[in-house]
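One structure below.
The values are calculated or read from the model by the stated rules, or taken from the named source; none is laboratory data. This structure is a prediction, so every number in the text was calculated from the model and none was measured. Heads up, the Cβs are rebuilt from the backbone with ideal geometry, glycines too, and the neighbour counts pull from every protein chain shown.
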Amino acid sequence: MSQIRTNSIVPAGGIPAGSNGGGIIQTVHTIKTDTFTTTSNSYVDLTGLSVSITPASTSNKILIFYYIGGSSNGSGYDSIFKLVRNSTDIALAATAGNRRLSQCKFQATSSSHTYFTSALHLDSPSLTSSITYKVQIAVQNGGTSLINRTGADNDNTDAYNARTTSGIVAMEVSG
């Protein structure tokens, strides 16, 4: 004989506003398994690292998490990243003089190693239309940013030549 026991059933719309916590209504994700290379000092789309989600209510929030692995063509080159909602930059550092603004970064101190960075942001888009979140990247002048691979990228079984993945997740949280 089968039994189902529960002490709570959450409605499909998540936990109502004003309750002790928000419920996850939907989750979408993208995993990037191929490589990406850029020499751009200006932000460009990190191809393949985007996700689209359509919120059920304007009061709901979107929790976005992304992680990125990569390296550079030499030591000491910074790669910086930012999150974009449709065409609007979000979750950037506060303005400070002429400094570049980013959400996170990594500095490759060796081209034969992989470095990781990640970021988390709770967005309040106030929309019920489709939203695309994407990651953009820029690299320090003179550098080459290499995503999901090392600078060496030798075709052998040594662990330091391993390729990695990067990914982005968006979760709608009831407001």
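Taking T33 as the residue in question, decide whether it is crowded, with 19+ Cβ neighbours inside 10 Å, over 24 Å from G175 (Cα atoms) and touching a residue at least 24 places away in the same chain (Cβ under 8 Å).
When the stated conditions are applied, T33 does not pass them.
What number of residues in region 81-104 are modelled with pLDDT of 95 or more, surrounded by fewer than 22 Cβ atoms within 10 Å (Cβ to Cβ) and either in contact with a helix residue (DSSP H, G or I) (Cβ under 9 Å, 6 or more places away or on another chain) or not polar (S, T, N, Q) (or both)?
Residues flagged as modelled with pLDDT of 95 or more, surrounded by fewer than 22 Cβ atoms within 10 Å (Cβ to Cβ) and either in contact with a helix residue (DSSP H, G or I) (Cβ under 9 Å, 6 or more places away or on another chain) or not polar (S, T, N, Q) (or both) within region 81-104 amount to 4.
For region 117-175, give me each residue that is among the aliphatic types (A, V, I, L, M), part of a strand (DSSP E or B) and surrounded by fewer than 17 Cβ atoms within 10 Å (Cβ to Cβ).
L120, L122
When region 116-175 is examined, which residues are found to be among the acidic types (D, E) and in contact with a Lys or Arg (Cβ under 9 Å, 6 or more places away or on another chain)?
Start the filter on region 116-175 by keeping residues that are among the acidic types (D, E), which leaves 123, 153, 155, 158, 172.
Selection gives D123, D153, E172.
Picking from I68, I62, which residue would you name as being within 24 Å of N41 (Cα to Cα) and of a type outside the set (K, R)?
Selected residue: I68, the only one of I68, I62 that is within 24 Å of N41 (Cα to Cα) and of a type outside the set (K, R).
Considering only region 69-77, I want to know if a residue exists there that is crowded, with 17+ Cβ neighbours inside 10 Å, closer than 13 Å to V139 by Cβ and of a type in the set (S, T, N, Q).
yes
Filter region 148-175 down to residues that are under 20 Å from L46 (Cα atoms) and touching a helix residue (DSSP H, G or I) at 6+ places or on another chain (Cβ under 8 Å) and give me whichever is modelled with the highest pLDDT.
So the residue we want is T150.
Determine, yes or no, whether P55 is at pLDDT 95 or above, assigned to a loop (DSSP other than H, G, I, E, B) and under 27 Å from S124 (Cβ atoms).
Values: at pLDDT 95 or above: yes; assigned to a loop (DSSP other than H, G, I, E, B): yes; under 27 Å from S124 (Cβ atoms): yes.
So P55 passes the test.
Whether any residue in region 11-24 is modelled with pLDDT of 90 or more and either touching a Gly at 6+ places or on another chain (Cβ under 9 Å) or loosely packed, with under 14 Cβ neighbours inside 10 Å (or both) is what I want to check.
Scanning region 11-24, I find at least one residue that is modelled with pLDDT of 90 or more and either touching a Gly at 6+ places or on another chain (Cβ under 9 Å) or loosely packed, with under 14 Cβ neighbours inside 10 Å (or both), so the answer is yes.
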